[in-house]
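Below is one structure, written out as structure tokens; the observations come after it.
The values are calculated or read from the model by the stated rules, or taken from the named source; none is laboratory data. As the structure is a prediction and not an experimental result, all values here were calculated from the model. Don't worry about glycine lacking a Cβ; one is built from the backbone with ideal geometry, like all the others, and counts go over all protein chains shown.
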């Protein structure tokens, strides 16, 4: 077992900030995966608890809403189930000690190259030009590209289009929509196609996306614009997992203030029983 530390009852300020918030105040910044929502609703109803709360951040002092950094499908499921309130972990989006924003790329597999390129060609407003790794990386970093694509054989194509954050967001959605239903998509943190090819024998291509800044995520969320699912990767320090909070508490016909008080008492009881532990080392989970 990984080495863990019990949390002293006097250090409640050190544990993740769990809060109950109105479900309607949660704004997702990425598209929901409709194929996962139905099974997730069924699982939540069967288990009767929320295991891993969504991660949210305030959208500003003058805005009562929260942007969902991670957990779009869980948030959508709770909304579809008619829950007036949701349990979430609140983080400071401006604090690198709490959250870091990285990028996932798409590994596209199980589709022949001709079909893949044909799907991409259906998106109006995108231009594809051959290039090389270094030029593509530099241009993407300067936001001169919407994306770049590396074929299974190693050919690199620069993808141009859009003039601002919102138009590029729209094109990214259309681009991903063109291929997501025709093959398998996996997430990758690397843009090295050789590393990916070793894992996926039927690799079609690697689609590399730009890095976004937190301010851009907030800007998109404020106007209800969404990035494609599986692009933003929010790395949360001191994340709350296996909370197992009863869904009945969230659905109960009580004022939100009372629900928050009951949550605080529940957390205090967990601390007193030494059931909250902190694992400082990185781990790999094989049962997710």
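On inspection, residue 238 passes the criterion of being modelled with pLDDT under 95, in a loop (DSSP other than H, G, I, E, B) and out of contact with any strand residue (DSSP E or B) (no Cβ under 7 Å at 6 or more places or on another chain).
Yes/no matrix, rows are residues, columns are (1) free of Cβ contacts under 8 Å to residues at least 40 places away in the same chain; (2) assigned to a helix (DSSP H, G or I); (3) surrounded by 13 or more Cβ atoms within 10 Å (Cβ to Cβ); (4) over 28 Å from the mean Cα position of the chain (by Cα):
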site	(1), (2), (3), (4)
250	no, yes, yes, no
253	yes, no, no, yes
257	yes, yes, no, yes
260	no, yes, yes, no
263	no, yes, yes, no
268	no, yes, no, yes
274	no, no, no, yes
282	yes, no, no, no
286	yes, no, no, no
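The set of residues in the range 213-234 being more than 17 Å from residue 176 (Cα to Cα) and assigned to a loop (DSSP other than H, G, I, E, B) consists of 213, 223, 224. When the test is whether a residue is surrounded by 14 or more Cβ atoms within 10 Å (Cβ to Cβ), in a strand (DSSP E or B) and in contact with a helix residue (DSSP H, G or I) (Cβ under 6 Å, 6 or more places away or on another chain), residue 150 passes it.
In the set (1) surrounded by fewer than 16 Cβ atoms within 10 Å (Cβ to Cβ); (2) within 27 Å of residue 122 (Cβ to Cβ), the condition left unmet by residue 215 is number (2). Hey, can you tell me all the residues within the range 63-112 that are under 24 Å from residue 50 (Cβ atoms), assigned to a strand (DSSP E or B) and over 13 Å from the mean Cα position of the chain (by Cα)? Of everything in the range 63-112, those that are under 24 Å from residue 50 (Cβ atoms), assigned to a strand (DSSP E or B) and over 13 Å from the mean Cα position of the chain (by Cα) turn out to be 66, 85, 86, 87, 88, 89, 90.
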